[in-house]
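Beneath this line is the structure, given in structure tokens, with notes to follow.
Since every read-out is calculated from the coordinates, none of them should be taken as a lab result. This structure is a prediction, so every number in the text was calculated from the model and none was measured. As a convention, Cβ positions derive from the backbone with ideal geometry for all residues, glycine included, and neighbour counts pool all protein chains shown.
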Amino acid sequence: MEVKLIDVMGDDLRVANAARVSFHKESEWWEDPLDPGSKILSEQDQKLIAYLAKHNHWTPFSHVQITLREKVPIFVARQRFKHMVGFSYNEVSRRYVDDTPEFFYPDSWRGRPVGAKQGSSDEVLKGTDAWLTNEAYDILMKAATEVYNEMLKRGVAPEQARMVLPQSMMTEYYCTGSLAAWARAYKLRSDPHSQKEIQDLAAKWNEIIGSLEKLKYSWQALTT
């Protein structure tokens, strides 16, 4: 799976000022005494951001927008797209494209959970069970590709030929959302009860957004 940062609109100061406008006030960046010419967020604004996050005042955080491009298997994308509030999506369409499909291959196969209807156990298939599962999976992916290509050769429209492609096929999409929406999605999908693959995706969101210096106070306040 791959995640790429496309664009960011707004910063920590935007969040603080979106809140301060309620009192008809506005903050500015401060000069960094340790690095002349550099700007830093005032301590008052840092505290304000922490207060907003702690008390679930989410609207100031919605004035920051982040766009990522994500490449994930379809079964992960369908879970991802359940997060609709605060997000917009545009996905690759196989009605229009018919290039060779790419498939997701897991590092291991997890066991079925005991006493639960969803999720997986800590057990990992090993030995012959893992080998046979990998072999069967690979055969199925290759067969799906062959049938798909054959249908296209015989003149079947891409919008119908795509029906034979499995949920493990990789897809790509643009995703734009508010900082508040990203933080909420991250907290939900990084939960241990979420499917491991979408936990891995959430970790990539945190890696990218958490490394944005201009949003470090807001992201930290929202996710910790």
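The listed residues are 188, 201, and the only one of them that is within 27 Å of the chain's Cα centre (by Cα), under 20 Å from residue 110 (Cβ atoms) and of a type in the set (A, V, I, L, M) turns out to be 201. The single residue among 194, 168 that is under 17 Å from residue 70 (Cβ atoms) and in contact with a Pro (Cβ under 7 Å, 6 or more places away or on another chain) turns out to be 168. For the range 94-121, a residue qualifies if it is within 30 Å of residue 160 (Cα to Cα) and either out of contact with any helix residue (DSSP H, G or I) (no Cβ under 8 Å at 6 or more places or on another chain) or part of a loop (DSSP other than H, G, I, E, B) (or both), and the qualifying residues are 94, 95, 96, 97, 98, 99, 100, 101, 102, 104, 105, 106. Annotation note: Cβ proximity below 9 Å between a residue of the range 151-163 that is among the basic types (Lys, Arg) and a residue that is in a helix (DSSP H, G or I) (sequence gap 6+ or interchain) occurs for 162/148.
Among the residues of the range 150-185, those that are under 21 Å from the mean Cα position of the chain (by Cα) and charged (D, E, K, R) comprise 172, 184. When the range 139-151 is filtered for residues that are over 16 Å from residue 103 (Cα atoms) and surrounded by 15 or more Cβ atoms within 10 Å (Cβ to Cβ), only 151 remains. Note on the range 164-188: residues that are surrounded by 18 or more Cβ atoms within 10 Å (Cβ to Cβ), among the charged types (D, E, K, R) and without any contact (Cβ under 8 Å) to a residue 40 or more places away in the chain amount to 0. Of the residues making up the range 63-91, those that are aliphatic (A, V, I, L, M) and either out of contact with any helix residue (DSSP H, G or I) (no Cβ under 7 Å at 6 or more places or on another chain) or outside any loop (DSSP other than H, G, I, E, B) (or both) are 66, 68, 72, 74, 76, 77, 84.
Do you know which residues across the range 6-40 are without any contact (Cβ under 8 Å) to a residue 24 or more places away in the chain and surrounded by 17 or more Cβ atoms within 10 Å (Cβ to Cβ)? Hit for the range 6-40 is 17, nothing else. The number of residues in the range 122-132 that are in a loop (DSSP other than H, G, I, E, B) and surrounded by 12 or more Cβ atoms within 10 Å (Cβ to Cβ) comes to 2.
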